[in-house]
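Have a look at the structure below before the remarks.
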Amino acid sequence: MAVTGGDALLAYRGLYEGSIGRPESLSESLVWATPYVFGGLAVAFAFKAGLFNIGAEGQIGLGALCAVYAGYAISGLPWPIHLGVAIAAGMLGGAAWGFIPGALKARTGAHEVITTIMLNYVAIQVTSWLLAGPMKDPSPFIAVAQTPKIADAARLPVLFEGFRLHWGFPLALGVAIAVWWLIQSTTIGFEIRTVGANPHAARYAGISVARTTMLAMSVSGALAGLAGTIEVVGLNYYHTPGFSVGYGFDSIAVALLGRNNPLGLIPAALLFGGLRAGATRMQFLSQIPIDIISIIQALILVFIAAPEIIRFIYRVRPADTATDVKLSTSWGRGR
C-alpha cells in the first residue's frame, strides 16, 4: 500500500470501516460473501472429483440469465412458488453449462480446463446477444442492454429492514452444510471422492468414472448457477453484461483458501466479501487504488500455498507423524 503513495494506516482504517466497522458495512460484507460461498462450493465440489472447473464465471452468468427469464416471463404465480421456479431455472441453466465439459471429459477425454475456459467466452457472447436483443428491456427509457426486472413474487426478501442483506446468505450457509454432508456421508459423495483420489482404483471397484465425472460437473455448474441466481433474485432484480464482477474466478481462490472443504470455504468467502465491501471506503480515505484488493487476495493465496510450493521446489517430503506399526510374523498364516 505504501508503494502506491497512499497512507497505509488510512487504508486499513477504510477497510475496517467499510467491512465490519458499522452495521451497514457488515451487511454489505455478507452480501458480497454470499455469491462467493456458492461459487466456492461449485469449484470445491468439482475438485473433490479431481476436476478443475474454471467455467464458474460462465455458469454464474447463464444461471442468472435463466433465473431472470423465469422471473419476468412467467406471471400469475404466488411468491414462494415463483421464487422457487426462478431458483430452479437458474440452477438448471448452470447445471446444463457444467454438464457440457463433463460429458466431453467423460466421452472424449477433453480436458475440463480447456473446455470450461472456452465455454466462458461462449457464455459471455451468448449473454451479450440475448441482453441486447431478445431479452432486452423494451422500455424506451432503458438505453443500455439489460433485461426487464423480475416480478416481486420472484424476489428474495431482505433479512433486516434498511439493509441490503437478504435471505440468500442463510441459504448459502445451509447449502454449504448440505454439500458437506453429501460429500462426507453419502454413497454419491464416496464415489466422487474415490474418483478424485484414484480414478483407476474407482473403476476397478465398479464405480463409473464417466458417470461420476458428468454428475460432479453438473452439480458444480448448478451451484455456480445458484450463485448468479441469488444475485438477481435477491439484489439486482435484472441482468446486465458483466454483472458478476469476476465472482467465478474469485471463487477458485475461495475454494483453494478453504482447502476445498465446503465448511472451510465459508470463512474464506467472508474474508473476500469483507475485502470487496471495504475496498470503496479504503479508496475514499487513502486514495489507494481499489485494485490493491486483488493484490491482497493474491498474496493471501501465495502465503497459503507457500508450504506446498517449497516442498515441490526443494523436494521436501512432509513429516510423517504416523507411528510405525510392526506386523506380526504370523500375518497371513493360518493357525
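The values are calculated or read from the model by the stated rules, or taken from the named source; none is laboratory data. Quick caveat, the model's predicted, so the values are computed rather than measured. Here the Cβ is made from the backbone with ideal geometry for all residues, glycine too, and neighbour counts use every protein chain on show.
Looking across region 55-93, just one residue is free of Cβ contacts under 8 Å to residues at least 60 places away in the same chain and not in a helix (DSSP H, G or I), and that is Gly76.
For Ala132, state whether it is exposed (fewer than 14 other Cβ atoms within 10 Å of the Cβ), out of contact with any Cys (no Cβ under 9 Å at 6 or more places or on another chain), under 30 Å from Ala277 (Cβ atoms) and free of Cβ contacts under 8 Å to residues at least 60 places away in the same chain.
no
So, in region 71-119, how many residues would count as being under 22 Å from the mean Cα position of the chain (by Cα) and hydroxyl-bearing (Ser, Thr, Tyr)? Count: 2. Pairs, please: C-beta under 7 Å, at least 6 apart or cross-chain, first residue in contact (Cβ under 8 Å) with a residue 12 or more places away in the chain and in region 17-32, second of a type outside the set (Phe, Trp, Tyr) and not in a helix (DSSP H, G or I)? Listed by first residue and then by second, the contacts come to Ser27/Arg164; Ser27/Leu165; Glu28/Arg164; Ser29/Ile20; Leu30/Leu165; Val31/Arg164; Val31/Leu165.
Limited to region 258-271, what total is found for residues that are part of a helix (DSSP H, G or I) and over 23 Å from Gly61 (Cβ atoms)? Before you say what the answer is, go through the steps one by one.
Here is the first cut: in region 258-271, the residues part of a helix (DSSP H, G or I) are 265-271.
From what's left, over 23 Å from Gly61 (Cβ atoms): 266-267, 270-271.
Residues meeting the conditions: 4.
Restricting to region 280-294, what's the tally of residues that are without any contact (Cβ under 8 Å) to a residue 12 or more places away in the chain and either more than 24 Å from Leu26 (Cβ to Cβ) or outside any helix (DSSP H, G or I) (or both)? Steps first, please.
If we filter region 280-294 for residues that are without any contact (Cβ under 8 Å) to a residue 12 or more places away in the chain, which is where we start, we get 290-291, 294.
Subset that is either more than 24 Å from Leu26 (Cβ to Cβ) or outside any helix (DSSP H, G or I) (or both): 290-291.
Number satisfying all stated conditions: 2.
Taking region 42-60 as the range and being touching a Gly at 6+ places or on another chain (Cβ under 6 Å) and on the phi < 0 side of the Ramachandran plot as the test, the residues that pass are Lys48, Ala49, Ala56, Glu57, Gln59, Ile60. Considering region 106-129, the residues that are β-branched (Val, Ile, Thr) and touching a residue at least 24 places away in the same chain (Cβ under 8 Å) include one that is nearest to Thr240 (Cα to Cα), namely Thr127.
Do the conditions hold for Leu130, that is, is it within 16 Å of Gly63 (Cα to Cα) and in a helix (DSSP H, G or I)? Step through it out loud before you land on a result.
Values: within 16 Å of Gly63 (Cα to Cα): yes; in a helix (DSSP H, G or I): yes.
Spelling it out, Leu130 is indeed within 16 Å of Gly63 (Cα to Cα) and in a helix (DSSP H, G or I).
What are the residues in region 133-159 that are in a loop (DSSP other than H, G, I, E, B) and of a type in the set (A, V, I, L, M, F, W, C), if any? Please lay out each step first, then the result.
Going through region 133-159, the residues in a loop (DSSP other than H, G, I, E, B) turn out to be 133-151, 155-157, 159.
The answer is Met135, Phe141, Ile142, Ala143, Val144, Ala145, Ile150, Ala151, Leu156, Leu159.
When we screen Phe52, Phe47, Phe99 for residues that are within 22 Å of Ala202 (Cβ to Cβ) and part of a loop (DSSP other than H, G, I, E, B), the only hit is Phe52. Candidates Gly189, Gly174: the one that is under 22 Å from the mean Cα position of the chain (by Cα), in a helix (DSSP H, G or I) and surrounded by 14 or more Cβ atoms within 10 Å (Cβ to Cβ) is Gly189. Yes or no: region 163-181 includes at least one residue that is closer than 22 Å to Glu112 by Cα, of a type in the set (Gly, Ala, Ser) and touching a Pro at 6+ places or on another chain (Cβ under 6 Å). No, the conditions are met nowhere in region 163-181.
Go through the residues of region 219-233 one by one and say whether even a single one is part of a helix (DSSP H, G or I), surrounded by fewer than 23 Cβ atoms within 10 Å (Cβ to Cβ) and either at pLDDT 95 or above or in contact with a strand residue (DSSP E or B) (Cβ under 9 Å, 6 or more places away or on another chain) (or both). There is no residue in region 219-233 that is part of a helix (DSSP H, G or I), surrounded by fewer than 23 Cβ atoms within 10 Å (Cβ to Cβ) and either at pLDDT 95 or above or in contact with a strand residue (DSSP E or B) (Cβ under 9 Å, 6 or more places away or on another chain) (or both).
Does any residue of region 50-64 turn out to be β-branched (Val, Ile, Thr), under 16 Å from the mean Cα position of the chain (by Cα), modelled with pLDDT of 95 or more and over 27 Å from Lys136 (Cβ atoms)? Even if it seems obvious, please write down each step before you answer.
From region 50-64, those β-branched (Val, Ile, Thr) are 54, 60; that's our starting set.
Those still in the list that are under 16 Å from the mean Cα position of the chain (by Cα) too: 54, 60.
If we keep only those that are modelled with pLDDT of 95 or more as well, we get 60.
Those still in the list that are over 27 Å from Lys136 (Cβ atoms) too: none.
No: region 50-64 contains no residue that is β-branched (Val, Ile, Thr), under 16 Å from the mean Cα position of the chain (by Cα), modelled with pLDDT of 95 or more and over 27 Å from Lys136 (Cβ atoms).
For region 234-257, a residue qualifies if it is outside any helix (DSSP H, G or I) and free of Cβ contacts under 8 Å to residues at least 24 places away in the same chain, and the qualifying residues are Gly242, Val245.
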